[in-house]
Amino acid sequence: MSRMIFINFPVNDLAASMAFYTSIGFENNPHFTDETAACMVWSEAIHVMLLTHDKWRTFTSRPIPPSTSGEVMIALTFDSREAVDGITATTAANGGTADINPVQDHGFMYSRTIADPDGHVWEPFWMDPAAIPQ
């Protein structure tokens, strides 16, 4: 089996979260989706499991943090600055929040920070490894 990552998120509204993730380019895997959870696929290796709060609580007794917390920031690469800007705009138009942190532009690397409807933080970024200062 190849190495994969499954990121698990507690969500308030499963249908709204599925719609949000679909809008920013994830695809639903119906084999791992029901009324309590949805598997949203970014790539062959990266999957996001959206779990209702009740489903989440079957995995852990730790409290669900408020949507304003910053427990983790997950970075995803994109092919261009324009693609980073595009997903940021799509986020804002589909129930998420764009630019929760200042835009980072280092010339060779460009990133923005977005949050899904439940406050889970993503950092879409573009980088040109050949342009990294020595």
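The values are calculated or read from the model by the stated rules, or taken from the named source; none is laboratory data. Just so you know, these numbers come straight off a predicted model, no measurement behind them. Don't worry about glycine lacking a Cβ; one is built from the backbone with ideal geometry, like all the others, and counts go over all protein chains shown. These accessible areas exclude ligands, DNA and RNA; they are computed on the full protein's heavy atoms, side chains included. Shrake-Rupley method; radii C 1.70, N 1.55, O 1.52, S 1.80 Å.
Before we move on, is Trp56 touching a Phe, Trp or Tyr at 6+ places or on another chain (Cβ under 6 Å) and either surrounded by 14 or more Cβ atoms within 10 Å (Cβ to Cβ) or small (Gly, Ala, Ser) (or both)?
On the way: touching a Phe, Trp or Tyr at 6+ places or on another chain (Cβ under 6 Å): no; either surrounded by 14 or more Cβ atoms within 10 Å (Cβ to Cβ) or small (Gly, Ala, Ser) (or both): yes.
Answer is no for this residue.
Could you list, in sequence order, all residues of segment 16-33 that are open to solvent by less than 70 Å² (accessible area, probe 1.4 Å) and free of Cβ contacts under 8 Å to residues at least 40 places away in the same chain?
Restricting attention to segment 16-33, the residues satisfying the condition of being open to solvent by less than 70 Å² (accessible area, probe 1.4 Å) are 16-21, 23-26, 28-29, 33.
Matches in segment 16-33: Met18, Phe26, Asn28, Asn29, Thr33.
Right, Pro124: open to solvent by 50 Å² or more (accessible area, probe 1.4 Å), touching a Ser or Thr at 6+ places or on another chain (Cβ under 7 Å) and outside any helix (DSSP H, G or I) or not? Steps first, please.
Values: open to solvent by 50 Å² or more (accessible area, probe 1.4 Å): no; touching a Ser or Thr at 6+ places or on another chain (Cβ under 7 Å): yes; outside any helix (DSSP H, G or I): yes.
Judged against the criteria, Pro124 is not a match.
With within 16 Å of the chain's Cα centre (by Cα), under 30 Å from Met127 (Cα atoms) and either at pLDDT 95 or above or surrounded by 13 or more Cβ atoms within 10 Å (Cβ to Cβ) (or both) as the only criterion, which of Ser80, Ser43 stands out?
Working: Ser80 fails: within 16 Å of the chain's Cα centre (by Cα).
Just a single option satisfies the conditions, and that option is Ser43.
Looking at segment 88-109, which of its residues are closer than 28 Å to Ile132 by Cα and buried (at least 20 other Cβ atoms within 10 Å of the Cβ)? Quick ask: steps written out before the conclusion?
Applying the first criterion (closer than 28 Å to Ile132 by Cα) to segment 88-109 yields 88-89, 98-109.
Matches in segment 88-109: Thr88 only.
Can you name the number of the only condition in (1) modelled with pLDDT under 95; (2) closer than 22 Å to Thr113 by Cβ; (3) exposed (fewer than 15 other Cβ atoms within 10 Å of the Cβ) that Ile64 fails?
Exception for Ile64: condition (3).
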